[in-house]
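Let me begin by presenting the structure, written as structure tokens, before commenting on it.
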Amino acid sequence: MKGVWENKWFAVPVLIFLVACTLLLFVVPYGDEILFFNKWREEPYNSIFRICTAFGEGFVYGAIILAAFRWRYRFSLLIALSGMLILPVGYVLKDKIAVERPKTFFEHKGIYGDVVVVPDVKLNSGRTSFPSGHTMSAFALYSMLTLIMGRRYERWGLFFALLAILVAISRIFLVQHFLADILAGAVAGLACAQFLWWLNGRPFFQRLTVLDKGIRKKREARSEK
């Protein structure tokens, strides 16, 4: 599989999500997406979206990297590189664009009291909203996993797509990001994963056959002896 868009199970829901977000940007006043979820910020939705947002955090990368060692070191490396790449990309974009977080934005407008927040969730403040790091992380990770699964397990693409989308929505629900932030994060994450997959296909990386070994393959080779 040359690109993640070849997997229709992943591509269709992600494209619907991206198009919907883009259209909403033109019709929903900035910040109203945060207020829209006010009536939904109660249990069990609070707990559900707190769990969803965790799937865009670093410990998920760590767990999947360790699991991938069983199959191929190459897979672990690609996943690790995805996580490593989004860190500087996200930092530079956040620093240069410097968009206010929802908490800061509503405080400056004097209407922070209108926002219903999720209990025990620490709200980030300052000018680090664009793009959403969790969304970028999720789309990079689950795009890469879709590519790794290939055509044999292409239906997993639907699961990965929905997981990435839920992480993105959770960032608005938890009052951490705006709609534009998650849209940019999704596009950046997809781009990072696609770039690394393209890099993996270059002759230099393909010649590193040692990366195509794994713990499971080593055990199978020993058992055959």
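Observations, loosely collected:
- Highest-MSF residue in the chain out of HIS134, HIS177, HIS108 [GNM, Cα springs under 10 Å]: HIS108
- C-alpha long axis of helix 156-173 to longest principal axis of the chain, angle in °: 30 degrees
- Residue (of HIS134, ASN46, LEU179) at the positive-pole extreme of the chain, dipole from beta-carbon charges: HIS134
- Rounded tilt (10° steps) of 215-224 against the dominant C-alpha axis of the chain: 20 degrees
- Translational diffusion coefficient (Stokes-Einstein; Kirkwood radius from C-alpha pairs) of the range 52-160 at 4 °C, 1.567 mPa s, in µm²/s: 82 µm²/s
- Calculated SAXS-style log₁₀ I(q)/I(0) at q = 0.15, 0.18 Å⁻¹ - the chain, Debye, Cα scatterers: -0.98, -1.30
- Listed by chain and number, the aspartates and glutamates whose C-alpha is less than 18 Å from the C-alpha of LYS39, apart from same-chain residues fewer than 8 away, are ASP114, ASP120.
- The residues neighbouring ILE48, those whose beta-carbon lies less than 13 Å from its own, together hold a net charge of 0 under the Lys/Arg +1, Asp/Glu -1 convention.
- For the chain, with +1 on Lys and Arg beta carbons and -1 on Asp and Glu, the positive-most of SER170, GLY62, GLY113 along the dipole: GLY62
- On Cα atoms only, tilt of 73-97 relative to the major axis of the chain in degrees: 30 degrees
- Overall form of the range 16-109 per C-alpha gyration tensor (a/c, 1.5; a/b vs b/c): prolate
- Per-residue Cβ neighbour counts within 10 Å put SER129, SER47, SER76 in the sequence SER47, SER76, SER129, beginning with the fewest.
- Electrostatic dipole magnitude of the chain [Cβ: Lys, Arg +1; Asp, Glu -1; Cα centre; debye, to 20]: 1400 debye
- Our estimate of slack between PHE26 and ARG207, defined as 0.36 nm per intervening residue step minus the Cα-Cα distance, is 60.4 nm.
No lab work stands behind these numbers, since they all come straight from the coordinates. From a predicted model like this one, the values you see are computed outputs, not experimental measurements. Every residue, glycine as well, gets a Cβ built from its backbone with ideal geometry; the counts of neighbours run over all protein chains shown.
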